[in-house]
Amino acid sequence: GMTRVYQELLSVRRDANEMYLVPVPAQLIGMDFIAAATVFLPERTNMKACLLIGLYRGEKMMLNPVDGEAGPLCDGDELILLSQNLPDLSHLRTATA
């Protein structure tokens with residue numbers, strides 16, 4: 001499907017986390033990377049814990065972008081998420097919602 005698992009990017013022994021590549025949710029479009037990353041922080045309970053660690057824009061991968069390096073998130077971007085399970089972003093709550 002739309003989600004590709006990038007296991008070759010990260011292989012950590014004794015750890016069940018995997019990398020997931022997911023289309024940027026509509027409610028995060030226009031946010032900068034740091035603001036978007038903070039949206040994922042409150043949900044740290046068990047299997048919902050998910051960290052935004054980078055993004056793909058076209059063929060360009062930006063891991064851990066600093067300051068405004070990534071600019072605002074755009075439609076078509078894909079988020080690189082570290083999670084134990086395929087992230088369900090349908091209930092993602094943003095500060096503005």
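A few remarks follow.
- Residue within region 64-76 that is in a strand (DSSP E or B), modelled with pLDDT under 95 and of a type outside the set (Phe, Trp, Tyr) present: no
- Filter pass, Gly58 being touching a Pro at 6+ places or on another chain (Cβ under 8 Å), of a type in the set (Gly, Ala, Ser) and modelled with pLDDT of 90 or more: no
- Exactly one residue among Leu51, Leu63, Leu81 is within 14 Å of Met19 (Cβ to Cβ) and touching a residue at least 60 places away in the same chain (Cβ under 8 Å), and that residue is Leu81.
- Residues satisfying the stated conditions in region 57-84, i.e. over 14 Å from the mean Cα position of the chain (by Cα) and either open to solvent by less than 10 Å² (accessible area, probe 1.4 Å) or among the aromatic types (Phe, Trp, Tyr) (or both): none
The values are calculated or read from the model by the stated rules, or taken from the named source; none is laboratory data. Only a predicted model underlies this, so the values are computations on that prediction, with no experimental measurement involved. In this analysis, Cβ positions are derived from the backbone assuming ideal geometry, glycine residues included, and neighbour counts consider all displayed protein chains. Note: accessible area is taken over every heavy atom of the protein model, side chains too, but ligands, DNA and RNA are not part of it. Shrake-Rupley method; radii C 1.70, N 1.55, O 1.52, S 1.80 Å.
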